[in-house]
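Enquirer: Have a look at the structure that comes next, please.
All of the numbers you see were taken from the coordinates with simple rules; none came from a lab. All values reported here derive from a predicted model rather than from experimental measurement. All Cβ positions, glycine included, derive from the backbone under ideal geometry; neighbour counts span all protein chains shown.
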Amino acid sequence: MAGIYIHVPFCKSRCIYCDFYSTTALALRQRYVDALCREYALRRTYINERVRTIYIGGGTPSMLSADQLRQVFTALAGEQGGEVMPERNAVVQADEVTLECNPDDVMPAFARALASLPVNRVSMGAQTFSDSRLQFLRRRHRASQVKEAVGLLRQAGIGNISIDLIYGFPGESIAEWYADIDAALDLGVEHLSAYALQYEEGTPLYRLLQQGAVSEVDEELSRRMYYDLIDRLAAAGFEHYEISNFARPGFRSRHNSGYWNHTPYLGLGAAAHSFDGHCRQWNVADVQAYIEGVEQWIKRVEMGTYGSEQETPFFEREEMDADTFYNEQVMTALRTREGLALSFLQPPYRDYCLRLAERYVENGLLKRTDDHIALTREGLFVSDMVISDLMKV
């Protein structure tokens, strides 16, 4: 099993909290799509396992036109000269194909276009159902457009819809948070992700915090919001399968679960990361440099001067040593409901992990069952602290 992640970094405007790589240089979209397709053609053998999931994220993938999205899927189908090569057909192999959308981009024509594409799952950034809080985040949609978008996607035959929520806004009350949870549940979506508002250095939101224009919610209120989220979604039939993710039975995100289970994946596009089971590599976080790098690579291949992926002009590569691999296993697996399988660790690392985990088991932040250690309900809220303490430094 393997996955493909495609990064579409284009946005009409940037939200004040976002620290992901994105750009408003919309004039580059077609050249970028051309580069994506060329990168896949050159790197499709990076993973030698069946592709089970495809995730198109951003940025805002719904900023691409229907024709541009179709061009991407045509490339993933391995079409050359009008013929499809089954051994390269990632689209046919994939069980889950996710596209991230902004609610206001889901107009009737766009929804109809999705019906003609292999997309079977849509993830939307609702964030909140308060127009004033959306305005504060500089989101470009209105709360009412989330419901409209879900309706249009259902009409288009999309039976797997996920939405994102944010909690812990400056001045937000517990009643307002409950209203957001209830509004999300009223939509009848299959999946929900919820995150505490983060003040990442370098973002406009962080600058507002430093200037004293906003203040973070206190820790106890944030804790209550998180626990109440867990309880209200559990009562509605959702399983809490990862720290920030909830799904109706059978609707976990297969692609994201692959990250947490160390599944190999190929990342395409500017700032995209790849993992082949042994090494990690990442593309340059600059659209122009990425496009030019792919174009240089193509020319070198055509001229016969291309040597190996080590010489590729637009990404860097890192071999993972034993300590790094252990740290990544701890960091990703402990995010999940099942936790970390101790049998996956080599004996020295298993002993190291259990020795450090002992005090957290004793104070109720971790639990050990058979071959696994996992975060408890109390441990989930302080997961960053527990996970970092179990890592090799």
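Enquirer: Assign one of three labels to the chain, namely rounded, prolate or oblate, based on the Cα gyration tensor with a ≥ b ≥ c the square roots of its eigenvalues; rounded applies when a/c is under 1.5, prolate when it is not and a/b is larger than b/c, and oblate otherwise.
Expert: oblate
Enquirer: Not counting the cut sites, what is the longest span of the chain without trypsin sites (Lys or Arg not before Pro) that DSSP labels loop and that have at most 12 other Cβ atoms within 10 Å?
Expert: Details: sites that count: LYS12, ARG50.
Longest run free of exposed loop sites: 51-393.
Enquirer: Over all pairs of distinct alpha carbons, what does the Kirkwood formula give as the hydrodynamic radius of segment 119-206, in Å?
Expert: Evaluated on segment 119-206, it is 13.7 Å.
Enquirer: Take the chain, mark every one of the GluC sites (Glu not before Pro) that falls in a DSSP loop and has at most 12 other Cβ within 10 Å, then report the longest stretch left between them, sites excluded.
Expert: 1-199
Enquirer: Just to be sure I understand the model, the point goes 7 Å from the Cα along the line to the Cβ. What's the resulting GLU362 to MET1 distance in nm?
Expert: My value for the distance between the label points is 3.7 nm.
Enquirer: How much length is gained on full extension from ARG350 to ARG112, taking 0.36 nm per residue of separation minus their Cα-Cα distance?
Expert: Result for the pair: 80.6 nm of gain on full extension.
Enquirer: Non-local amide H neighbours of ILE373 (under 5 Å, H modeled in plane, Pro and chain starts lacking H): which ones?
Expert: LEU340, LEU342
Enquirer: Where a Cα-Cα gap under 30 Å defines reach, which lysines qualify for LYS12, not counting those fewer than 8 residues away within the same chain?
Expert: LYS147
Enquirer: Can you tell which of GLN127, GLN145, GLN296 shows the greatest fluctuation in a Gaussian network model of the chain with Cα springs below 10 Å?
Expert: Among GLN127, GLN145, GLN296, the largest GNM mean-square fluctuation belongs to GLN296.
Enquirer: In debye, nearest 20, what is the charge dipole magnitude of the chain about its Cα centre with +1 on Lys and Arg Cβ and -1 on Asp and Glu Cβ, if you could check? Write down the numbers at each step before the final one.
Expert: Values: 40 positive and 54 negative charges, 176 e Å.
The calculation lands at about 840 debye.
Enquirer: Highest GNM mean-square fluctuation, the chain, Cα pairs closer than 10 Å: which of ASN102, ASN48, ASN160?
Expert: ASN48
Enquirer: Here's another thing I want to ask about it. Which three extents, in whole angstrom, do the alpha-carbon atoms of segment 89-134 cover along their principal axes, largest first?
Expert: 45, 20, 10
Enquirer: Explain nothing, just the number: dipole magnitude of segment 322-389 about its Cα centre with +1 on each Lys and Arg Cβ and -1 on each Asp and Glu Cβ, in debye rounded to the nearest 20.
Expert: Dipole of segment 322-389, to the nearest 20 debye: 160 debye.
Enquirer: Rounded to whole Å, give me the distance from the Cα center of segment 318-377 to that of segment 1-29.
Expert: First find each Cα centre; the distance between them is then 33 Å.
Enquirer: What's the extension gain from ALA213 to ARG142 if we count 0.36 nm per residue and subtract their Cα-Cα distance? The partial results should precede the final answer.
Expert: Values: separation 71, 0.36 × 71 = 25.56 nm, distance 2.39 nm.
The ALA213-ARG142 span can extend by a further 23.2 nm.
Enquirer: When we measure straight from the Cα of LYS392, which lysines land under 25 angstrom away, once same-chain ones fewer than 8 places off are left out?
Expert: Counting by Cα, and skipping residues close in sequence, LYS392 has these lysines nearby: LYS367.
Enquirer: At q = 0.14, 0.26 Å⁻¹, work out log10 I(q)/I(0) for segment 318-393 with the Debye formula, treating every Cα as an identical point scatterer and leaving solvent out; two decimals please.
Expert: Each listed q corresponds, in turn, to -0.38, -1.34.
Enquirer: Could you put VAL361, VAL214 in order, starting from the residue whose Cβ has the fewest other Cβ atoms within 10 Å?
Expert: Fewest-to-most Cβ neighbours within 10 Å comes out as VAL361, VAL214.
Enquirer: What percent antiparallel are the DSSP beta bridges of segment 99-241, to the nearest 5?
Expert: Percent antiparallel among DSSP bridges in segment 99-241 is about 0.
Enquirer: Here's a follow-up. Please compute the modelled spin-label separation between PHE325 and ASN89, points set 7 Å along Cα→Cβ, answer in nm with one decimal.
Expert: In this crude label model, ASN89 to PHE325 measures out at 3.5 nm.
Enquirer: With the alpha-carbon atoms as the only input, what is the per residue convex hull volume for segment 193-291 in Å³? Present the calculation step by step, with values, prior to reporting the outcome.
Expert: Details: hull volume 14.9 nm³, N = 99.
Roughly 151 Å³ of hull volume per residue.
Enquirer: Looking at segment 67-169 only, what percent of DSSP beta bridges run antiparallel? Nearest 5 please.
Expert: Approximately 20 percent, going by the DSSP bridge assignments.
Enquirer: Cβ under 11 Å from CYS18's Cβ, CYS18 left aside: what net charge do those residues give with Lys, Arg +1 and Asp, Glu -1?
Expert: +1
Enquirer: Of all DSSP beta bridges located in the chain, what percent are antiparallel, nearest 5?
Expert: 45
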